[in-house]
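Chemist: Have a look at this one before I ask anything.
The values are calculated or read from the model by the stated rules, or taken from the named source; none is laboratory data. Because the structure is a prediction, the values reported are computed rather than measured. Using ideal geometry, Cβ is built from the backbone for each residue, glycine included, and neighbour counts are taken over all protein chains shown.
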Amino acid sequence: MKILVIGAGPSGLMFASETKRLKPEWDIRIIEKNHPDDNVVGWGVVLPGRAPHHPANPLSYLENHEILDAQYLEDFKLTHHNQSALKSTGVTLCGAERKSMVRELRQMCIGLGIQIDYEQPVLSDAELACNEYDLVVVSNGLNHTTTYYRDALKPKVEFGKNRYMWYGTTKTFDAMNLIFKAHSKGVFVAHSYKYSSKMSTFVVECSEETYRKSGLDEMTTEDAERFIASVFEDELDGKAVIAQEGLKWRNFMTLSHEKAYDGNVALLGDALQSGHFSIGHGTTMAVVGAQILVKAVYDNPENVSAALEDFNQHVMPIMQLFDQHATVSRLWFESVEDRMHQSTGEVAQGFAERRGQLPPLPAALGQALERALDRGEK
Ligand SMILES: Cc1cc2nc3c(=O)[nH]c(=O)nc-3n(C[C@H](O)[C@H](O)[C@H](O)COP(=O)(O)OP(=O)(O)OC[C@H]3O[C@@H](n4cnc5c(N)ncnc54)[C@H](O)[C@@H]3O)c2cc1C
């Protein structure tokens, strides 16, 4: 089979490498918009479980995952009214740097004999070159314009009300931290955890009103860094927050689809369904979606239409559940100002219960992954 993958992020790389492992004779090519040395958007992400034991953690597929200096986190700490409540998450989470994770996944693909062509953005439907390939996988991430390759792949797009910025910091947060700050200009919330022994992710969000009232809309990147560091001075121990070049304060974009393919073109990862960072599952969904697609093509090597119908049938229910969880969580954070009068315990309880009405996502992902990894003898 001849396969083209558009976008060398976690979803495309996981699909390409896992397929190549099963079918070394298949011809797989990846096209990536950026230069290999370009920065990867964002700092660290939280992943499930301990590598190499958790199949939804992409680090589990890397022989040399230790070089990422990933950090394992067991506790959750919520800070409100300058009081902290610490408790166990009940699971092990893994903080990992996005840049080195993507670099190593790319190296793994190259080692398996997959060609990656850099600095080749695919910008139009005509460039998808569908006729030259049996299967085209669009895994180009949260891409506002270039996922509109054709009408049938057009996503529903929804923007969150809050503004957010993905900062990094050298303050190492040992637990999954959620910090609520009542500032004179409004409420700021920080989501932070360490992803290496030297760095933490520090995502900050606030309402549009707070964003404007505090002047963030008109500040330079450096002034905004200083302002945010001053808001969270106590928690950061006076350390700085660092903005990645080119990243700006934005509204979270949720891309959704009702169908995961059109013709011989399949959507994967954020390009299929994105979900708010407050549930920290985007990369996990990328891995699970990739494994479902691997199984579908492995089971139907002679019939791409049947493979993609099978992929659609198994991937859409969990993507829809992911969307529901992420949306409920996003809305909870968008209404956080109404809860600032509550005690730390009440806020912690509200946070823990915000997705309680929905079927649990980890169980659904576990089942989907178990089925996808059961490939039988061929
Ligand atoms: C603030 C924030 C925090 C997050 N935190 C977490 C977290 O803690 N845990 C978690 O699991 N997830 C988290 N995520 C989500 C996670 O980053 C994504 O879900 C994940 O990166 C999706 O992988 P992907 O491969 O689908 O897309 P990407 O990682 O976006 O990769 C897409 C690739 O396609 C390339 N590309 C784009 N356009 C083109 C084109 N036209 N042609 C060719 N190539 C192209 C890009 O350069 C990129 O290399 C977070 C997201 C945000 C915004």
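Chemist: Could you list, in sequence order, the residues of the range 23-48 that are under 27 Å from residue 194 (Cα atoms) and either away from the ligand (no atom under 12 Å from the Cβ) or among the aliphatic types (A, V, I, L, M) (or both)?
Modeler: Within the range 23-48, 37, 40, 41, 45, 46, 47 meet the criteria.
Chemist: For residue 52, all conditions in the list (1) part of a strand (DSSP E or B); (2) free of Cβ contacts under 8 Å to residues at least 24 places away in the same chain; (3) more than 16 Å from the ligand (Cβ to nearest atom) hold save one; what is the number of the exception?
Modeler: Only one criterion in (1) part of a strand (DSSP E or B); (2) free of Cβ contacts under 8 Å to residues at least 24 places away in the same chain; (3) more than 16 Å from the ligand (Cβ to nearest atom) is unmet by residue 52, namely (1).
Chemist: Is it true that residue 263 is surrounded by fewer than 24 Cβ atoms within 10 Å (Cβ to Cβ) and more than 10 Å from the ligand (Cβ to nearest atom)? Explain how you work it out, then say what you get.
Modeler: Numbers: surrounded by fewer than 24 Cβ atoms within 10 Å (Cβ to Cβ): yes; more than 10 Å from the ligand (Cβ to nearest atom): yes.
In short, yes.
Chemist: Just checking, does the range 199-211 include any residue being polar (S, T, N, Q), under 22 Å from the mean Cα position of the chain (by Cα) and crowded, with 22+ Cβ neighbours inside 10 Å?
Modeler: Within the range 199-211, one or more residues are polar (S, T, N, Q), under 22 Å from the mean Cα position of the chain (by Cα) and crowded, with 22+ Cβ neighbours inside 10 Å.
Chemist: Within the range 159-175, count every residue that is among the hydrophobic types (A, V, I, L, M, F, W, C), in a strand (DSSP E or B) and away from the ligand (no atom under 11 Å from the Cβ).
Modeler: Of the residues in that region, 1 qualify.
Chemist: Taking the conditions exactly as written (in contact (Cβ under 8 Å) with a residue 24 or more places away in the chain and either surrounded by 20 or more Cβ atoms within 10 Å (Cβ to Cβ) or more than 21 Å from residue 81 (Cβ to Cβ) (or both)), does residue 240 satisfy them or not? Give the derivation first.
Modeler: Working: in contact (Cβ under 8 Å) with a residue 24 or more places away in the chain: yes; either surrounded by 20 or more Cβ atoms within 10 Å (Cβ to Cβ) or more than 21 Å from residue 81 (Cβ to Cβ) (or both): yes.
Yes.
Chemist: On the given criteria, is residue 66 under 21 Å from residue 142 (Cβ atoms), of a type in the set (D, E, K, R) and over 19 Å from the mean Cα position of the chain (by Cα)?
Modeler: Values: under 21 Å from residue 142 (Cβ atoms): no; of a type in the set (D, E, K, R): yes; over 19 Å from the mean Cα position of the chain (by Cα): yes.
Spelling it out, it is not the case that residue 66 is under 21 Å from residue 142 (Cβ atoms), of a type in the set (D, E, K, R) and over 19 Å from the mean Cα position of the chain (by Cα).
Chemist: Okay, moving on. Between a residue in the range 285-300 that is farther than 15 Å from residue 317 by Cα and modelled with pLDDT of 95 or more and any residue that is within 12 Å of the ligand (Cβ to nearest atom) and part of a helix (DSSP H, G or I), which pairs come within a Cβ distance under 6 Å, given they are 6 or more apart or on different chains?
Modeler: Hits for this filter: 287/14; 287/58.
Chemist: Just checking: which of the strands (runs of 3 or more DSSP E) contained wholly in the range 77-157 hold 2 or more residues that are crowded, with 20+ Cβ neighbours inside 10 Å, near the ligand (Cβ under 9 Å from one of its atoms) and at pLDDT below 85?
Modeler: Working: elements: 83-97, 115-117, 135-138.
Output list is empty.
Chemist: Hey, can you tell me all the residues within the range 25-39 that are touching a residue at least 60 places away in the same chain (Cβ under 8 Å) and either over 19 Å from residue 123 (Cα atoms) or surrounded by fewer than 18 Cβ atoms within 10 Å (Cβ to Cβ) (or both)?
Modeler: First pass over the range 25-39, keeping only residues touching a residue at least 60 places away in the same chain (Cβ under 8 Å): 28-36, 39.
Those that are touching a residue at least 60 places away in the same chain (Cβ under 8 Å) and either over 19 Å from residue 123 (Cα atoms) or surrounded by fewer than 18 Cβ atoms within 10 Å (Cβ to Cβ) (or both): 28, 29, 34, 35, 36, 39.
Chemist: A further question on this structure: Tally time: how many residues in the range 266-305 are assigned to a helix (DSSP H, G or I), near the ligand (Cβ under 8 Å from one of its atoms) and under 10 Å from the mean Cα position of the chain (by Cα)?
Modeler: 8
Chemist: How many residues are of a type in the set (S, T, N, Q) and touching a residue at least 24 places away in the same chain (Cβ under 8 Å) if we restrict to the range 343-355? Walk me through how you get there before you give the answer.
Modeler: From the range 343-355, those of a type in the set (S, T, N, Q) are 343-344, 349; that's our starting set.
Now narrow it down to the ones that are touching a residue at least 24 places away in the same chain (Cβ under 8 Å): 343-344.
Qualifying residue count for the region: 2.
Chemist: Suppose we filter the range 352-378 for residues that are outside any helix (DSSP H, G or I) and either of a type in the set (D, E, K, R) or farther than 17 Å from residue 19 by Cα (or both); how many remain? Outline the logic, then answer.
Modeler: As a first pass, look at the range 352-378 and keep what is outside any helix (DSSP H, G or I): 354-360, 374-378.
Still in the list and also either of a type in the set (D, E, K, R) or farther than 17 Å from residue 19 by Cα (or both): 354-360, 374-375, 377-378.
Count: 11.
Chemist: Now for a different question. List the pairs whose first member sits in the range 192-207 and is of a type in the set (D, E, K, R), whose second member is within 14 Å of the ligand (Cβ to nearest atom) and not in a strand (DSSP E or B), and whose Cβ atoms are under 6 Å apart, counting only residues at least 6 apart or on separate chains?
Modeler: As it stands, the answer is 194/173, since those pairs meet every condition given.
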